[in-house]
Amino acid sequence: MNTFSKKAPIRVAVTGAAGNIGYALLFRIASGQMFGPDQPVALNLIEIEPGMAALRGVAMELDDCAFPLVAEIVQTSDLSVGFKDVDWALLVGSVPRKQGMERADLLGINGKVFVGQGKAINDYAKSSVRVLVVGNPCNTNCLIAMKSAPNIPDEQFFAMTRLDENRAKTQLAHKAGVAVKEVSELCVWGNHSPSMYPDFENAKIGRSKVTDVILDQAWLRDTFVPTVGQRGKAIIDARGASSAASAANAVVDTVRDLSNPTRGDLHSVCVISNGEYGSPAGIITSLPIRVDGAGKWRVVEGVKLSDYAKEKIAASNQELLEEREVAFGQLGLSI
Ligand SMILES: NC(=O)c1ccc[n+]([C@@H]2O[C@H](COP(=O)([O-])OP(=O)(O)OC[C@H]3O[C@@H](n4cnc5c(N)ncnc54)[C@H](O)[C@@H]3O)[C@@H](O)[C@H]2O)c1
């Protein structure tokens, strides 16, 4: 354990730790960018058996960074070891869609994985554990893990739309010719899929509404919204590989912002819906949240949605209901 911090380590499990996002993520957690520069961390790195050799290499590199904040590195494919006493479970690993595989097949295959991980989290993690699902389809995977962990409160499960929020902020900043830090209050609503809705109507540039700065409504609706939705594909086309560094960055942003009071902005996180803004109760959908001074997250109240926005959000939530029906049907889970 490092000598300059007397804090107890935060124990973080990362599944798919030898994958592309894992490789971009672990070094940022270890260097203090997720939990702060004086917060020790213990890393529980989880892989499936075929990934264990690569994981050993990743762990060797972590060792070779001599990060002073790293208290311990555990490498395992055993979920009872990997989730033991963890404070955070970052569920990144999942089976990619292969040629000829239907979306329904993918939901079923990954669903089984997230049943197993949810059960193990339920049985071995701290009861205060917080779970962030990144592996796709992340909203439905998160719902399945949540259902499989009945002893962990639903409010402790999250899925990631922060990458979409960050992408949307940058698109607006480029269009307006301002620095990205000028763009705030941008919520991505719905499913982490091309159907998501990045709400430009309530977002701000400086103190102005985006729609008062970018007057080209056609660009906002017909270029901006699909560009954000299709950005993942654009990166695969350009790079020949899927977004990993920016996804890892969004994981760091999400966990950091869920761990600290929100100042002057809001953030997009997929959380359990209690019917807010007409979203179907019981699904994991992206909503605008803020964290209060006591560390509790809440859905931001009073956002005014236009009919256009409501329609987009409803369509994305409908997709989530359909994903749930297919996955739960295959897994024999009840709603
Ligand atoms: N929510 C988001 O914004 C977002 C953004 C980008 C990527 N993703 C998703 O994140 C996931 C990971 O992406 P990647 O680029 O790192 O993929 P990758 O294929 O490079 O790595 C995935 C890793 O997970 C491991 N793995 C597979 N099943 C596992 C299991 N059951 N338990 C533990 N490990 C397992 C694999 O061995 C592999 O090392 C994908 O599902 C991707 O679609 C989500």
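The table that follows gives values for the structure above.
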quantity: On Cα atoms only, tilt of 20-30 relative to the major axis of the chain in degrees; calculated: 70
quantity: P(r) tail fraction, the range 3-159 - alpha-carbon pairs more than 20 Å apart, %; calculated: 47
quantity: Signed unit charges on C-beta, dipole axis of the chain, positive-most listed residue Leu55, Leu143, Met101; calculated: Leu55
quantity: Estimated FRET transfer efficiency when R0 is 51 angstrom, pair Ala281-Asp63 (beta carbons, to 0.05); calculated: 0.65
quantity: Local net charge near Val252, Cβ-Cβ under 15 Å (Lys/Arg +1, Asp/Glu -1); calculated: +1
quantity: For Ile283, residues with placed amide H under 5 Å, excluding near neighbours; calculated: Ser273
quantity: Furthest towards positive pole of dipole, Ala218, Ile236, Ser246, structure part the range 214-253, Cβ charges; calculated: Ile236
quantity: Under-5 Å amide H pairs with Val74, H placed in peptide plane, nonlocal only; calculated: Leu43, Asn44, Leu45
quantity: C-alpha long axis of helix 52-65 to longest principal axis of the chain, angle in °; calculated: 90
quantity: For Met196, net neighbour charge (Lys/Arg +1, Asp/Glu -1) across residues whose Cβ lies under 11 Å away; calculated: -1
quantity: Asn20/Asp292 FRET efficiency (R0 30 Å; Cβ-Cβ; nearest 0.05); calculated: 0.30
quantity: Whole-percent carbon and sulfur share, accessible surface of the chain, 1.4 Å; calculated: 51
quantity: Among 288-294, 136-142, 182-188, the order from most to least packed when residues are scored by Cβ within 10 Å on average; calculated: 136-142, 182-188, 288-294
quantity: In range of the label at Ser242: residues from the range 83-111 whose backbone nitrogen is under 17 Å from the point 7 Å along Cα→Cβ; calculated: 90-111
quantity: Highest to lowest packing among 115-126, 204-215, scored as the average C-beta count within 10 Å; calculated: 115-126, 204-215
quantity: Ratio of Rg to Rh over the range 260-301 (Cα coordinates, Kirkwood Rh, two decimals); calculated: 0.98
quantity: Degrees between helix 162-176 axis and first principal axis of the chain (Cα, 0 to 90, nearest 10); calculated: 40
quantity: Span from the the range 86-153 Cα centroid across to the the range 220-270 one, whole angstrom; calculated: 20
quantity: For the range 3-159: lysine pairs under 13 Å (alpha-carbon distance), excluding those fewer than 8 apart on one chain; calculated: 4
quantity: Amide H partners (placed H, <5 Å) of Cys187, local residues excluded; calculated: Asp199
quantity: Stretchable slack from Asp78 to Leu321, in nm (0.36 nm times residue separation minus alpha-carbon distance); calculated: 84.3 nm
quantity: Efficiency of FRET from Cβ geometry, Ala218 and Ser128, R₀ 35 Å, rounded to 0.05; calculated: 0.15
quantity: Extension reserve of the Val95-Ser184 stretch, reckoned as 0.36 nm per residue once the Cα distance is removed; calculated: 28.6 nm
quantity: Residue-normalised accessible area of the chain, expressed per residue, 1.4 Å probe, Å²; calculated: 44
quantity: Reciprocal of mean inverse Cα separation for the range 72-228 (Kirkwood radius, Å); calculated: 17.5
quantity: Å³ per residue enclosed by the Cα convex hull of the chain; calculated: 141
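The values are calculated or read from the model by the stated rules, or taken from the named source; none is laboratory data. Small disclaimer: the values here were computed from a predicted structure and weren't measured. Here the Cβ is made from the backbone with ideal geometry for all residues, glycine too, and neighbour counts use every protein chain on show. The area values use the complete protein model at the heavy-atom level, side chains included, leaving out ligands, DNA and RNA. Shrake-Rupley method; radii C 1.70, N 1.55, O 1.52, S 1.80 Å.
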